[in-house]
Every structure is written in structure tokens, then in C-alpha cells.
Amino acid sequence: MTTTVVLPSDIASDIDEATRLPVETAGVLLVSIVEVSDGTTRLLARKLCWIPNSSYIHRGGDHLAITSEGYVPFLAEADSMGASAIWIHTHPGADGRPNPSDHDEEVDRQISDLFRLRTNKNYYGTLIFSPRTNGIAFTGYIQAEGQPRRSLNYIWEVGNRFSLTRSWDSPQINISPIFDRSVRAFGGAVQSALGQLTVGIVGCGGTGSAVTEQLTRLGVRNFILIDPQELSGSNITRVYGSTIEDVGKDKVQVLQEHIQRITHDIKCKSIKSMITLQKTALQLCECDVIFGCTDDNAGRLILSRLSTFLLTPVIDCGVLLSDDGNGGIQGIDGRITTLVPGQACLVCRSRINLTRAATELLTPEERTQRENEGYAPALGRIEPAVVTFTTLVAATAVSELLERFIGYGPEPRPSEVLLRCHDREISTNVQLPREGHYCDLAVGKLGLGITDPFLEQTWPN
């Protein structure tokens, strides 16, 4: 059971700057709280409200006092947004310690009931931050009324950069010597973070299996695998870990068994289902990052919305081999799109055919009827696929994850990589959300959490 605070990069940057001031700084973080069935809890940061300077009665390097007028309006704002309110403040200085003082504990006792009352939420929480050379240190907790405290274990920064920070009072994690060469490349902090991530893989075919194998060898140990299909004979030419003896087995089973042969400390949840079913999509709520390796438009539509509502980075992959009609290859195209706060979703980028997505959500009987009536497009033939190119796209997708941790690439950081293998060309782009679309910050869906219906869309039975 872990509790993670998810911070978009702009909020994380604001907090980092505040910790470097010479005086304590306080504010209210408005969050959506997502509780997952396995006990995992995620606090999705939606807005950070700093206490105005006029509301400080006293403000020094090791103490502050604030009038209630400095934070009560933010509680009303949280209520109007359907959010919970987390009290945050800093302990500044290079040697600052983010553990609560006796005064901090007394403040919590004084304001916790007011926070719950004014926000109409059952939770009160607090976070304390201190500066470090590279980033921040923190401690914190949330507490439902009448229940024991639950420590905040991680801060997961998502956006232009990725960063996973463990709480200041967490025990040290020992990195296995098998990762020596990786640690030499990108350091122990990144290696440790990879081992703590929970990664969702949607689609366990040629691309998804290659992504999963690479992540396993990089040190990721927690996976959720989703795919509705069984392994066919033609799949073994691309699916990593598969053999002719595996034909007929579930793809998720084949992939899970493969990565568990690589290392025995894998924790893996395998789900044979379509991502277009609400029960299945909800399983992804506990993920820190998701790789979209499905080739259907409906699945991509759900992942695109999920990225916005749950602040979960989605790295979506696509491979297209086009032929010239005479049995020859005309084009080999790959696409890797990273969905994070502040960047356009797959719909804004026109990477989803909405008409085909609607058709893919129909039952087979409904689809046939609507195709015959001319109201739905035929879904067409099976596309060609080659292991060389699915692996290339998978490696580029994993590279995008690593780059946002390490920061070895140029700025501004692109959110899409396009591969044109037939021309031996690579291009990148950045695209902002379309004004008024659900991925636009001003619309208010970013970090909204679990809604009814989930993702505010209609789901098939």
C-alpha cells in the first residue's frame, strides 16, 4: 500500500523555487484523491495556491504564523472544484529537514477539521518541503476523519521532466550490482526510480513485448499487462519471449512468463481483456506511466483521456508498413507520442480516427449491421508487421521515458517522435492542446480523477 502525490511539472517547479527562499512559505495544494482497490492511493495535484504576503503575521526562517483569511478562500475553491485541500509549507535552508516540528503538529490539530468542513471532503493532509541540490526532500501524510494517518511515500513529477522522489524518512534502497553498467550511464537515482515505477503495457504484441522486455532489463519490476488476444502462429515472428509451443496461450501469460524468467522479483498483474471495457481501464489507475502499444483507435481514445484525467503519462506507439500494391514496401513509418500535462492529446493531434473508434466499440453484430447500412466503416485488413520495425519503435519509446528522467536531449523537449525508416529520417514536434478541448488546462479536466462515468464517457457493456 503506497500513497503517491502526482505533481505536474509547473507545480513542482513552483514548490522547488519556494523551498529556496530564506523564509518559510505556506500554501494549499488542491488535489483529487484516487483510491485503488489494492490499497494504492494517488493524490493528483490540480492547483497550487500560495498564501498571499499580506496574510503572514510572522514569517522567518524557522517559523511562520498566518491569518485564517490567508487560506480559507482556497478551501472554498477546493469545494467548488470537488477537490481536497492539502496544507503545505517549507523548511528552508541547505540543511533544512522536512520533518514536522511540535508547532507543525499543533497547526495540524487546529486546522484539520476546518479543512474537512470547508472542502466537504473526508481527508486532511499536509506536506513539508526542504531544498536539496537536485530537487526537494519531503514528508507528509493524509488522514481520513477518525482513521490513522497514512504517510505520503512518493512524489511523482510528470510533464517536461519525470522525477520520482521518495519521502525523506524512507529507508535507503540498495541497488543490485547487476545494474552497474546502467548506473554508470544515468546514475543511481534514476535506477532506483525505475525500480519503484508501476508500468502499464496496453497491447502485448510485437511492440508491447519489446517495450516490456527492455523495461525489465532496465530495472522496472512492477507491471500491469493488458491484451485480449491469444498468441497466433504469425505472432511468434515478433512477440518477444514466444515460441511455437506458446501458440494458443494468452499473450499476457506468454509475456509474464518471459519476464519472470529474466528475473524472479517481478510483480505482474496480467489481464486478458480489452482496454475499452471500463473494469479493465480502471486497473490502470495505479500506474505511474503507461505504454500504449495497441493498434486500435478506440483503445487509443481511452488512453488519451486517461492521461488527462489521471495525470498519468502515456507513451503511445504506432507502426505502419504501407505497400505499393505489388507486394513491395512503399513506406515504413513509426510514431511515438508522449502525453503529459501541457501537451496535446491524441485527438488534438489527429492521431485517432474517431469514426473508426466508434465502430471498434460496437459488438460484432452491431458492427456488421451498421456496415451494411453504410453508417460505419469496414475495419479492413490485417496490416503487415515486421519485428525489426516494431522493435525500433519500442526502443525509441523506452528512450523517451529515459530521456525525461535523465534530460540528455535538447530543449524544448519534443512530445512526438516520427520515424520514416524508408527515408532514413527522424523528426520531432511539440503541439499544445486545442483551446477548449479536454486536455486544455483551462477546461478543468486535468487531474480530475475518477469520475462517474469513468473518464466522463459512455462505456460498452
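The values are calculated or read from the model by the stated rules, or taken from the named source; none is laboratory data. These numbers come from a predicted model, not from an experiment. Quick reminder, even Gly has a Cβ in these numbers, built from the backbone with ideal geometry, and neighbours come from all protein chains shown. With ligands, DNA and RNA removed, areas are computed over all heavy atoms of the protein, side chains included. Shrake-Rupley method; radii C 1.70, N 1.55, O 1.52, S 1.80 Å.
What about residue 142, is it of a type in the set (A, V, I, L, M), open to solvent by less than 70 Å² (accessible area, probe 1.4 Å) and out of contact with any Lys or Arg (no Cβ under 6 Å at 6 or more places or on another chain)? Working first, answer last.
On the way: of a type in the set (A, V, I, L, M): yes; open to solvent by less than 70 Å² (accessible area, probe 1.4 Å): yes; out of contact with any Lys or Arg (no Cβ under 6 Å at 6 or more places or on another chain): no.
Here the answer is no, as residue 142 does not meet what is asked.
Step by step: first the residues of segment 53-63, then only those that are open to solvent by less than 70 Å² (accessible area, probe 1.4 Å) and not in a strand (DSSP E or B), then the one that is farthest from residue 152 (Cα to Cα). Which residue is that?
Step one: of segment 53-63, the residues open to solvent by less than 70 Å² (accessible area, probe 1.4 Å) are 55-56, 60-61, 63.
Then keep just the ones that are not in a strand (DSSP E or B); that gives 55, 60-61, 63.
Numbers: 55: 28, 60: 26, 61: 24, 63: 23 Å.
The residue in question is 55.
So, residue 107, is that one in a strand (DSSP E or B) and modelled with pLDDT of 95 or more or not? Talk me through it step by step, then tell me what you get.
Numbers: in a strand (DSSP E or B): no; modelled with pLDDT of 95 or more: yes.
So residue 107 does not fit the description; no.
Go through segment 323-341 and give me each residue that's out of contact with any Cys (no Cβ under 9 Å at 6 or more places or on another chain) and either open to solvent by 40 Å² or more (accessible area, probe 1.4 Å) or under 30 Å from residue 452 (Cβ atoms) (or both). Quick ask: steps written out before the conclusion?
Applying the first criterion (out of contact with any Cys (no Cβ under 9 Å at 6 or more places or on another chain)) to segment 323-341 yields 323-330, 338, 340.
Within segment 323-341, 323, 324, 325, 326, 327, 329, 330, 338, 340 qualify.
When segment 1-25 is examined, which residues are found to be modelled with pLDDT of 95 or more, open to solvent by 20 Å² or more (accessible area, probe 1.4 Å) and not hydrophobic (A, V, I, L, M, F, W, C)?
Looking only at segment 1-25, we keep the residues that are modelled with pLDDT of 95 or more, and these are 3-25.
After this cut, where a residue has to be open to solvent by 20 Å² or more (accessible area, probe 1.4 Å) as well, the list is 9-10, 13-14, 16-17, 20-23.
Answer for segment 1-25, where residues must be modelled with pLDDT of 95 or more, open to solvent by 20 Å² or more (accessible area, probe 1.4 Å) and not hydrophobic (A, V, I, L, M, F, W, C): 9, 10, 13, 14, 16, 17, 20, 22.
For the list (1) over 30 Å from residue 135 (Cα atoms); (2) surrounded by 22 or more Cβ atoms within 10 Å (Cβ to Cβ), I need the number of the one condition that residue 274 fails.
Result: residue 274 passes all but (2).
Restricting the first residue to segment 440-461 and requiring it to be in a helix (DSSP H, G or I), which pairs with a second residue that is open to solvent by less than 50 Å² (accessible area, probe 1.4 Å) meet a Cβ separation below 6 Å and a spacing of at least six or different chains?
455/305; 455/309
Can you tell me which of 338, 355, 308 is assigned to a helix (DSSP H, G or I), modelled with pLDDT of 95 or more, of a type in the set (Ser, Thr, Tyr) and at negative phi? Working first, answer last.
Working: 338 fails: assigned to a helix (DSSP H, G or I); 355 fails: modelled with pLDDT of 95 or more.
It is 308.
What is the one condition in (1) at pLDDT 95 or above; (2) more than 30 Å from residue 250 (Cα to Cα); (3) among the aliphatic types (A, V, I, L, M); (4) surrounded by fewer than 20 Cβ atoms within 10 Å (Cβ to Cβ) that residue 136 does not satisfy?
Of the numbered conditions (1) at pLDDT 95 or above; (2) more than 30 Å from residue 250 (Cα to Cα); (3) among the aliphatic types (A, V, I, L, M); (4) surrounded by fewer than 20 Cβ atoms within 10 Å (Cβ to Cβ), the odd one out for residue 136 is (4).
Tell me which of these residue 321 doesn't satisfy, since it passes every other one: (1) assigned to a strand (DSSP E or B); (2) out of contact with any Pro (no Cβ under 7 Å at 6 or more places or on another chain).
Tallying (1) assigned to a strand (DSSP E or B); (2) out of contact with any Pro (no Cβ under 7 Å at 6 or more places or on another chain), residue 321 fails exactly one: (2).
Failed condition for residue 40, given (1) farther than 27 Å from residue 454 by Cβ; (2) open to solvent by 10 Å² or more (accessible area, probe 1.4 Å); (3) in contact with a helix residue (DSSP H, G or I) (Cβ under 6 Å, 6 or more places away or on another chain), with all others met?
Against the list (1) farther than 27 Å from residue 454 by Cβ; (2) open to solvent by 10 Å² or more (accessible area, probe 1.4 Å); (3) in contact with a helix residue (DSSP H, G or I) (Cβ under 6 Å, 6 or more places away or on another chain), residue 40 comes up short only on (1).
Any residue in segment 64-81 that's closer than 14 Å to residue 124 by Cα: show its pairings with residues that are among the polar types (S, T, N, Q) and open to solvent by less than 50 Å² (accessible area, probe 1.4 Å) at Cβ separation under 6 Å, as long as the two are six or more apart or on different chains.
As it stands, the answer is 75/119; 78/119; 79/119, since those pairs meet every condition given.
Can you list the strands (runs of 3 or more DSSP E) lying wholly within segment 124-187 that have 3 or more residues being in contact with a Ser or Thr (Cβ under 8 Å, 6 or more places away or on another chain)?
Numbers: elements: 135-144, 154-158, 163-166.
So the answer is 135-144, 154-158.
Consider segment 282-306. How many of its residues are out of contact with any Gly (no Cβ under 9 Å at 6 or more places or on another chain) and surrounded by 24 or more Cβ atoms within 10 Å (Cβ to Cβ)?
Total satisfying the criteria: 3.
For residues that are touching a helix residue (DSSP H, G or I) at 6+ places or on another chain (Cβ under 7 Å) and among the small types (Gly, Ala, Ser), tally how many sit in segment 180-225.
Of the residues in segment 180-225, 8 are touching a helix residue (DSSP H, G or I) at 6+ places or on another chain (Cβ under 7 Å) and among the small types (Gly, Ala, Ser).
What are the residues in segment 72-103 that are under 11 Å from residue 62 (Cα atoms) and either outside any strand (DSSP E or B) or among the small types (Gly, Ala, Ser) (or both), if any?
Listed by number, the residues that qualify are 91, 92, 93, 96, 97, 101, 103.
Take the residues of segment 209-247 that are without any contact (Cβ under 8 Å) to a residue 40 or more places away in the chain and acidic (Asp, Glu): which is farthest from residue 396 (Cα to Cα)?
245
Can you name every residue in segment 26-37 that is touching a Ser or Thr at 6+ places or on another chain (Cβ under 6 Å) and open to solvent by 10 Å² or more (accessible area, probe 1.4 Å)? Lay out the reasoning, then the answer.
Taking segment 26-37 as the starting set, the residues that turn out to be touching a Ser or Thr at 6+ places or on another chain (Cβ under 6 Å) are 31, 33, 35.
33, 35, listed by residue number.
Return the residues of segment 207-226 that are under 19 Å from residue 300 (Cβ atoms) and open to solvent by 10 Å² or more (accessible area, probe 1.4 Å); say none if nothing qualifies.
Step one: filter segment 207-226 for residues under 19 Å from residue 300 (Cβ atoms), giving 207-212, 224-226.
Selection gives 207 alone.
Could you list, in sequence order, the residues of segment 413-432 that are in contact (Cβ under 8 Å) with a residue 24 or more places away in the chain, part of a strand (DSSP E or B) and closer than 18 Å to residue 313 by Cα?
Within segment 413-432, 416, 417 qualify.
Of all residues in segment 388-412, which are open to solvent by 50 Å² or more (accessible area, probe 1.4 Å) and in a helix (DSSP H, G or I)? Spell out the reasoning first.
Let us first name the residues in segment 388-412 that are open to solvent by 50 Å² or more (accessible area, probe 1.4 Å), namely 388, 392, 406, 408, 410-412.
Answer for segment 388-412, where residues must be open to solvent by 50 Å² or more (accessible area, probe 1.4 Å) and in a helix (DSSP H, G or I): 388, 392, 406.
Yes or no: residue 291 in contact (Cβ under 8 Å) with a residue 60 or more places away in the chain, in a strand (DSSP E or B) and not aliphatic (A, V, I, L, M)?
Details: in contact (Cβ under 8 Å) with a residue 60 or more places away in the chain: yes; in a strand (DSSP E or B): yes; not aliphatic (A, V, I, L, M): yes.
Taking the combined requirement at face value, the residue satisfies it.
Inspect segment 64-76 for any residue being surrounded by fewer than 17 Cβ atoms within 10 Å (Cβ to Cβ) and either aromatic (Phe, Trp, Tyr) or within 19 Å of the chain's Cα centre (by Cα) (or both) and give the result as yes or no.
Taking segment 64-76 as the starting set, the residues that turn out to be surrounded by fewer than 17 Cβ atoms within 10 Å (Cβ to Cβ) are 65, 67-69, 72-73, 76.
Then drop every residue that is not either aromatic (Phe, Trp, Tyr) or within 19 Å of the chain's Cα centre (by Cα) (or both), which leaves none.
So far as segment 64-76 goes, no, none of its residues is surrounded by fewer than 17 Cβ atoms within 10 Å (Cβ to Cβ) and either aromatic (Phe, Trp, Tyr) or within 19 Å of the chain's Cα centre (by Cα) (or both).
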